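The values are calculated or read from the model by the stated rules, or taken from the named source; none is laboratory data. Predicted model, so just to flag it, every value in this text is computed and none were measured. A quick note on method: Cβ atoms are made from the backbone with ideal geometry, for glycine too, and the neighbour counts reach across all protein chains shown. Ligands, DNA and RNA are excluded from the accessible area calculation, which covers all protein heavy atoms including side chains. Shrake-Rupley method; radii C 1.70, N 1.55, O 1.52, S 1.80 Å.
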Amino acid sequence: MKNHKTIVLSNQEVSPGYFRMRILAPDYTRLARPGQFVMFRVQRALLPLLRRPFGIFRAGFMPADCDTMPPKEFIEIIYKVVGSGTEIMQGLHYGDPVELLGPLGSGFDLNLTSGDSILVGGGIGLVPLYMLAESIAEPSRAEVLIGGRCRDDIITVTEFERLGVRTFVSTEDGSLGDRGLVTKVLEQRMEQKPQAKVFACGPMPMIRAVEKICRDKGVHLQVSMEELMACGVGACLGCVVKGEGHTTEKPSYLCTCTVGPVFNASDLAWDDHQSASDVAGGDGCECGAKP
Amino acid sequence: MKNHKTIVLSNQEVSPGYFRMRILAPDYTRLARPGQFVMFRVQRALLPLLRRPFGIFRAGFMPADCDTMPPKEFIEIIYKVVGSGTEIMQGLHYGDPVELLGPLGSGFDLNLTSGDSILVGGGIGLVPLYMLAESIAEPSRAEVLIGGRCRDDIITVTEFERLGVRTFVSTEDGSLGDRGLVTKVLEQRMEQKPQAKVFACGPMPMIRAVEKICRDKGVHLQVSMEELMACGVGACLGCVVKGEGHTTEKPSYLCTCTVGPVFNASDLAWDDHQSASDVAGGDGCECGAKP
Amino acid sequence: MKRREKVEKTVNLQVDIAGITLKNPIMPASGTFGYGEEYAPYLDLNSLGAIVTKGLSLNPKAGNNTPRVCETVGGMLNAIGLQNVGVEQFIHHKMPFLKQFDTPVIVNFFGNTQEEYGEVAARLDELPGVAGLEMNISCPNVKHGGIVFGTDPKAAFATVAAVRKKTSKPLIVKLTPNVTDIQVTARAVEDAGADAISLINTLTGMAVDVKTRQPRLANTIGGLSGPAIRPIAVRLVHQVVQVVKVPVIGIGGISRAMDALEFLIVGATAVQVGTANFVDPNAMATIIAELKTFCLEEGIADINDLIGSLKV
Amino acid sequence: MKRREKVEKTVNLQVDIAGITLKNPIMPASGTFGYGEEYAPYLDLNSLGAIVTKGLSLNPKAGNNTPRVCETVGGMLNAIGLQNVGVEQFIHHKMPFLKQFDTPVIVNFFGNTQEEYGEVAARLDELPGVAGLEMNISCPNVKHGGIVFGTDPKAAFATVAAVRKKTSKPLIVKLTPNVTDIQVTARAVEDAGADAISLINTLTGMAVDVKTRQPRLANTIGGLSGPAIRPIAVRLVHQVVQVVKVPVIGIGGISRAMDALEFLIVGATAVQVGTANFVDPNAMATIIAELKTFCLEEGIADINDLIGSLKV
Ligand SMILES: Cc1cc2nc3c(=O)[nH]c(=O)nc-3n(C[C@H](O)[C@H](O)[C@H](O)COP(=O)(O)OP(=O)(O)OC[C@H]3O[C@@H](n4cnc5c(N)ncnc54)[C@H](O)[C@@H]3O)c2cc1C
Ligand SMILES: Cc1cc2nc3c(=O)[nH]c(=O)nc-3n(C[C@H](O)[C@H](O)[C@H](O)COP(=O)(O)OP(=O)(O)OC[C@H]3O[C@@H](n4cnc5c(N)ncnc54)[C@H](O)[C@@H]3O)c2cc1C
Ligand SMILES: Cc1cc2nc3c(=O)[nH]c(=O)nc-3n(C[C@H](O)[C@H](O)[C@H](O)COP(=O)(O)O)c2cc1C
Ligand SMILES: Cc1cc2nc3c(=O)[nH]c(=O)nc-3n(C[C@H](O)[C@H](O)[C@H](O)COP(=O)(O)O)c2cc1C
Ligand code: FES
Ligand code: FES
């Protein structure tokens, strides 16, 4: 947990509207755990004012510049352009100064990945799942269900395949992979692998559906949640989600930034669960693919 | 008078802290008159919010891209980095989108340049004087007195010389040209050319001193004034200076952006005349030159 | 893509404020658009919902010393001091220009005393081509030790009632945000006979040059406007529409259609664009175009359906 | 260059607020720094003038539904709903951590009723390690139909007077800016026994998601903070220092030393940094360093010489 004044190393569009950014990030290979995130400061100016939270896609080393210098550490994030902050981000280049606060938050529980694992991701939700997949001891026992509204939203397929993780792609409009919701695929895969633990990240409607499926089947589920954040460190109390047993009379709120973003689904309240991502996910598909 | 959504063509540091920017500017060669200015919008974002006023240094044509295309028009501005807006400006590159509102304001009265002319400029104040010099029918009858705090503030000397205008350089610390205030040089030159009309632009203390000298000698003076501006078109009434005969009981305010920025000195009030440039000029010299 | 198919082909942007019909709900805020002519080279004045003039007083006013403006984060401070040509000059030198356009002219005005308010209103009441009056009650009440008319509900009521007697033209009263309870002021001016309410005028603010240790404005204190204040303005409009029946015009930090829509959705019938004109002389034209696009994309046939459609 | 030679070698940043000695005038604003421990990994808590805690109530408070925060131009809205662990948990679980530092701890608190204010104050009064109390009077007075204690000078006076009886610790009263005349409130709380005044708390604001037509905050209305509000805060501090004798702590939109200096120059004895902590967890350390550099460069040997040095 540090604030690094650092620089962008690269920034590339990997699918229409989705960018992958590499950022110089000392110590992250040692510190970052799957499921954690960073608070990213887009520029030194006051607009946008607040940092933006992004999941860590991976941490790695760059080849050293010369023999006597140690290799440089970086992280990668993948982001979708949705508003003012991400719009500015897409214009960043090698060398541009940025700030990284992190790594922050809880990660996935790796102990749960010793047996079969099903990773379920919608759109940008694949980001933290990739680092989780990297950490799974027997990748062949894991599989990842990659969902999206249309083909543009399908990211990181090859990256998972390179790890030896089996991938299942589905889109709502059928423009890539199976047609339908990723949760339909989940139900099918759970029948094949009834012992598998499930790990999910994606838009709130997907998360809710996954939770219901897992609860009905009594399967252990870990979810990565999104909430609007101001500080990322537990100070502002802006980012709470409702904890298990939450009622209006006896409310229970847990910080997504410190207790989460990864929660055991059983630790959260699931009735009428509101979240920022409900709002964020509302945009129509603009890829132009015909269903 | 138009608002052009246009682009930066080039942007180069011409002296420490001083930049010369070329901007694509249709119609400016036809429309812009010496002494006029533009309201420059640094970027589409809301920070900085307001446009910044800059004098037009020159307007010109770029060679055409191919035989059938007309040559492109541009203007150049020269700016000193003093605050948030100009800091962002120094980072602009070829192709960056910017907006130009202009050409705005009154210009110098070219009828006054038929005989001898003395142009007096301090630092960035040389900017509008250059375009004035370009328009003088007999450049050999004009001379320009170029002043600054130190050698870094001395700009555009060669440009004036190329026009055939004699130049006199002075710095307060003696790091380039004569040591002393440009007004000392002015007094000397006025003795040589008692019939010359004077045209001045620069920091307020200089302007005030020039005005006093000219008034004492009964010499016609045109000054280009600076005031903090919001709109640049006469709508906000933010940019006023005190007109001749101004009193607290019977105030007279003239808009710098529409009546000015160039005024006949005799049309303004000169007692206790306050101006933004008093504030802006307050910074110490950081060039490191030893007096 | 799919959405586009559902779209209506036309959209009605016309709204009605106290009997004044506006082609669309976008008009300039007083003091940021001069007397119209300043922006005519950049913007088709016929395209606007209305034109609102710089605030007029009985006699010409010279305004404050400079500096009069300074930028702050996301906003600006101004202390122009209500410089204006006075009502007579306006009638003779500014009104003829404005009459050329097929756009309602709303004249903003103020007074130093209750009587002066009445006198200006009476003079403007006779004037053909004036579609409505906007009364600025954010001026210091010189008779009552400088308290601002608009911050004292009783003074606000009395002044509006006095003006009401002098004019049968639609009377819009413009409220200051610098009060504890805007609902009290809003009800007071409605009771006094206002046909519509506009808000907000600027919030009082101050900035200091830390090197010279002087205020950045010669007047020390000025009015804060621009995007920075929008959340405060939206909140105040939201509170006012709940307690008055007259239409409300939303003002404060509008730069884009999205910003205007916030006000319309909370319940404003129209909006005024201020500081944004300085930033982009074409701002209002862009906002009108964006508004239309938004309605088309969202399948809204009539902008009036959006007004007050907030879901809480 | 020449200037550097004239420079003093050391500069005193120490200031005094109601008997609390601060190493420097920089401290966090309540609610933006948790209970200190959240920022300990990023910032040396020993370097601060003081630590100010999240607002405490008698019993733990769960706060509002989400969304609780949203960004606006140059600022942010929050409607956290004063979520806090309650005074007992604070004493047992948060205070031990804070006691490790050589930095005065100022505990911010509030109540739903006048009695509750008094009870919390009494409980904190006994607590060793608490250097002072900051009383937040921007909460709705549940007994009086939700009007905010701080917007009614009489309620403010009564509540502060009640708390004053319960504690002999330095009592700082934090004012809300959402009033017509801040000088009246300031005088009321001074008369009621406040040892110092801090201001401003957030301005009330609102933002709307124009696609969903819902407010961006679950609570509809929230508090606006950040650089956008600084001019309003500076103006209010300027007005308050003119009418009270007790020291004033300036708050609102401070991100850099330049911003802090505006408040000190108009007359604040110290300042609090809020939203800027979210933007840069190291903001206060940078501000302290920049303050020192500024004083050295300007030849100011003692920061107290700057306080109230405004030239008008
Ligand atoms: C723990 C965490 C991890 C995240 N990881 C990623 C990631 O790996 N890749 C990615 O593209 N996005 C991720 N997000 C969402 C990302 O933070 C937002 O998309 C981003 O902040 C939007 O910034 P903006 O300025 O472009 O949009 P804004 O203009 O601020 O808002 C545009 C839209 O984005 C939504 N939004 C804004 N902030 C957030 C937020 N903090 N959380 C959710 N929605 C938000 C708003 O509700 C709005 O609908 C993550 C969010 C959280 C909380
Ligand atoms: C008609 C006119 C022509 C000008 N021509 C030139 C030019 O050719 N080259 C050039 O470098 N500068 C010129 N200026 C000044 C230039 O506009 C300011 O330096 C610039 O706006 C500062 O912007 P900033 O954001 O960097 O500084 P800010 O952070 O806004 O302010 C920094 C300092 O600049 C001063 N300043 C800000 N705006 C103005 C302004 N409008 N006028 C005067 N001082 C200001 C402020 O008082 C402050 O001290 C001109 C100004 C006017 C009015
Ligand atoms: C330079 C300037 C001058 C103004 N003059 C007037 C005026 O004469 N009368 C008036 O009622 N409001 C005046 N206002 C207030 C605006 O009409 C408007 O209420 C305020 O600026 C908020 O809107 P904005 O944020 O869109 O600028 C003025 C505002 C500015 C910035
Ligand atoms: C997320 C958040 C929570 C806050 N909680 C409190 C609080 O519990 N008690 C309080 O007195 N002020 C609270 N405030 C107000 C701040 O202390 C401060 O007065 C305000 O944010 C203005 O300062 P700023 O612009 O530097 O943020 C809170 C502000 C924010 C942004
Ligand atoms: S984002 Fe501030 S507490 Fe979680
Ligand atoms: S800058 Fe607005 S009137 Fe001159």
Problem set entry | Residue list for region C:139-167, filter: of a type in the set (Gly, Ala, Ser) and more than 19 Å from C:Gly193 (Cβ to Cβ) | C:Gly145, C:Gly146
Seminar exercise, completed: Residue set C:Arg187, C:Arg216, C:Arg230, C:Arg235; condition in contact with a Leu (Cβ under 9 Å, 6 or more places away or on another chain) and in contact (Cβ under 8 Å) with a residue 24 or more places away in the chain; output residue C:Arg216
Exercise. With (1) more than 9 Å from chain D (Cβ to nearest Cβ); (2) assigned to a helix (DSSP H, G or I) as the list, and C:Val234 as the residue in question, which single condition is left unmet?
Worked result: (1)
Seminar exercise, completed: If we keep only residues of region C:26-72 that are within 16 Å of ligand 2 (Cβ to nearest atom) and in a loop (DSSP other than H, G, I, E, B), then the residue most open to solvent (accessible area, probe 1.4 Å) is C:Asn65
For this session: Go through region C:293-312 residue by residue and tally those that are away from chain D (no Cβ under 14 Å) and either assigned to a strand (DSSP E or B) or under 23 Å from the mean Cα position of the chain (by Cα) (or both).
Result: 2
Problem set entry | Enumeration of residues in region B:242-261 that are at the interface with chain C (Cβ under 7 Å from one of its Cβ atoms) and within 16 Å of ligand 3 (Cβ to nearest atom) | B:Tyr253
Problem set entry | Flag if B:Val259 is touching a residue at least 40 places away in the same chain (Cβ under 8 Å), under 25 Å from B:Leu126 (Cβ atoms) and open to solvent by 10 Å² or more (accessible area, probe 1.4 Å) | yes
Exercise. What are the pairs, 6+ residues apart or on separate chains, where a residue within region B:218-245 that is without any contact (Cβ under 8 Å) to a residue 40 or more places away in the chain has its Cβ under 6 Å from a residue that is more than 16 Å from ligand 3 (Cβ to nearest atom) and part of a loop (DSSP other than H, G, I, E, B)?
Worked result: B:Val241/B:Met225; B:Lys242/B:Ala269; B:Gly243/B:Ser252; B:Glu244/B:Ala269; B:Gly245/B:Ser252
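Yes or no, residue by residue, for (1) outside any strand (DSSP E or B); (2) over 30 Å from C:Thr72 (Cα atoms):
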residue: A:His4; (1), (2): no, no
residue: A:Pro26; (1), (2): yes, yes
residue: A:Arg30; (1), (2): yes, yes
residue: A:Met39; (1), (2): no, no
residue: A:Arg44; (1), (2): yes, no
residue: A:Leu47; (1), (2): yes, no
Exercise. What number of residues in region C:99-109 are surrounded by fewer than 21 Cβ atoms within 10 Å (Cβ to Cβ) and closer than 11 Å to C:Leu127 by Cβ?
Worked result: 1
Exercise. Got at least one residue in region C:241-259 being in a strand (DSSP E or B) and either surrounded by fewer than 24 Cβ atoms within 10 Å (Cβ to Cβ) or within 13 Å of chain D (Cβ to nearest Cβ) (or both)?
Worked result: yes
For this session: Can you confirm whether region A:208-228 contains a residue that is near ligand 5 (Cβ under 7 Å from one of its atoms) and of a type outside the set (Phe, Trp, Tyr)?
Result: no
Problem set entry | Condition met for C:Ala289 (open to solvent by less than 30 Å² (accessible area, probe 1.4 Å) and either within 12 Å of chain D (Cβ to nearest Cβ) or part of a helix (DSSP H, G or I) (or both)) | no
Seminar exercise, completed: The condition from (1) open to solvent by 10 Å² or more (accessible area, probe 1.4 Å); (2) more than 23 Å from A:Phe263 (Cα to Cα); (3) out of contact with any Gly (no Cβ under 7 Å at 6 or more places or on another chain) that A:Cys150 misses is numbered (1)
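The rows are residues; the columns are (1) at pLDDT 95 or above; (2) out of contact with any strand residue (DSSP E or B) (no Cβ under 7 Å at 6 or more places or on another chain); (3) among the aromatic types (Phe, Trp, Tyr).
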| site | (1), (2), (3) |
| --- | --- |
| C:Ile17 | yes, no, no |
| C:Leu22 | yes, no, no |
| C:Pro25 | yes, no, no |
| C:Pro28 | yes, no, no |
| C:Glu38 | yes, yes, no |
| C:Ser47 | yes, yes, no |
| C:Ala50 | yes, no, no |
| C:Ala62 | no, no, no |
Exercise. Name the residues in region C:178-189 that are farther than 23 Å from C:Glu116 by Cβ and either open to solvent by less than 10 Å² (accessible area, probe 1.4 Å) or touching a His at 6+ places or on another chain (Cβ under 9 Å) (or both), would you?
Worked result: C:Ile182, C:Ala186
Seminar exercise, completed: Within region D:233-259, residues farther than 18 Å from D:Ile172 by Cα and more than 10 Å from ligand 4 (Cβ to nearest atom) come out as D:Val234, D:Arg235, D:Arg256, D:Ala257, D:Met258
Seminar exercise, completed: Across (1) of a type in the set (A, V, I, L, M); (2) facing chain C (nearest Cβ under 8 Å); (3) in a strand (DSSP E or B), D:Val179 clears everything bar (3)
Seminar exercise, completed: By residue number, the members of region D:219-240 that are hydroxyl-bearing (Ser, Thr, Tyr) and surrounded by 24 or more Cβ atoms within 10 Å (Cβ to Cβ) are D:Ser225
Seminar exercise, completed: Pairs returned, first residue in region C:158-174 that is under 18 Å from C:Ile20 (Cβ atoms), second residue that is acidic (Asp, Glu) and open to solvent by less than 30 Å² (accessible area, probe 1.4 Å), beta-carbon separation under 9 angstrom, 6 or more apart or interchain, are C:Leu171/C:Glu134; C:Ile172/C:Glu134; C:Val173/C:Glu134; C:Lys174/C:Glu134
For this session: Out of B:Arg41, B:Arg20, report the one residue that is within 12 Å of another protein chain (Cβ to nearest Cβ), in contact (Cβ under 8 Å) with a residue 40 or more places away in the chain, within 16 Å of ligand 2 (Cβ to nearest atom) and buried (at least 16 other Cβ atoms within 10 Å of the Cβ).
Result: B:Arg41
Exercise. A:Val233: within 16 Å of ligand 4 (Cβ to nearest atom), open to solvent by 10 Å² or more (accessible area, probe 1.4 Å), closer than 21 Å to D:Gly222 by Cβ and of a type in the set (Val, Ile, Thr), yes or no?
Worked result: yes
For this session: State yes or no: is C:Lys23 open to solvent by 20 Å² or more (accessible area, probe 1.4 Å) and touching a residue at least 60 places away in the same chain (Cβ under 8 Å)?
Result: yes
Exercise. A:Glu99 fails exactly one of the following numbered conditions: (1) out of contact with any Leu (no Cβ under 7 Å at 6 or more places or on another chain); (2) open to solvent by 20 Å² or more (accessible area, probe 1.4 Å). What is the number of that condition?
Worked result: (2)
For this session: Considering (1) open to solvent by 10 Å² or more (accessible area, probe 1.4 Å); (2) facing chain C (nearest Cβ under 8 Å), say which one D:Ile265 fails and leave the rest.
Result: (1)
Problem set entry | Single match in C:Asn136, C:Asn112, C:Asn141 (criterion: open to solvent by 40 Å² or more (accessible area, probe 1.4 Å) and not acidic (Asp, Glu)) | C:Asn112
Exercise. Which is open to solvent by 40 Å² or more (accessible area, probe 1.4 Å), in contact with a strand residue (DSSP E or B) (Cβ under 8 Å, 6 or more places away or on another chain) and among the charged types (D, E, K, R), of A:Arg162, A:Arg179?
Worked result: A:Arg179
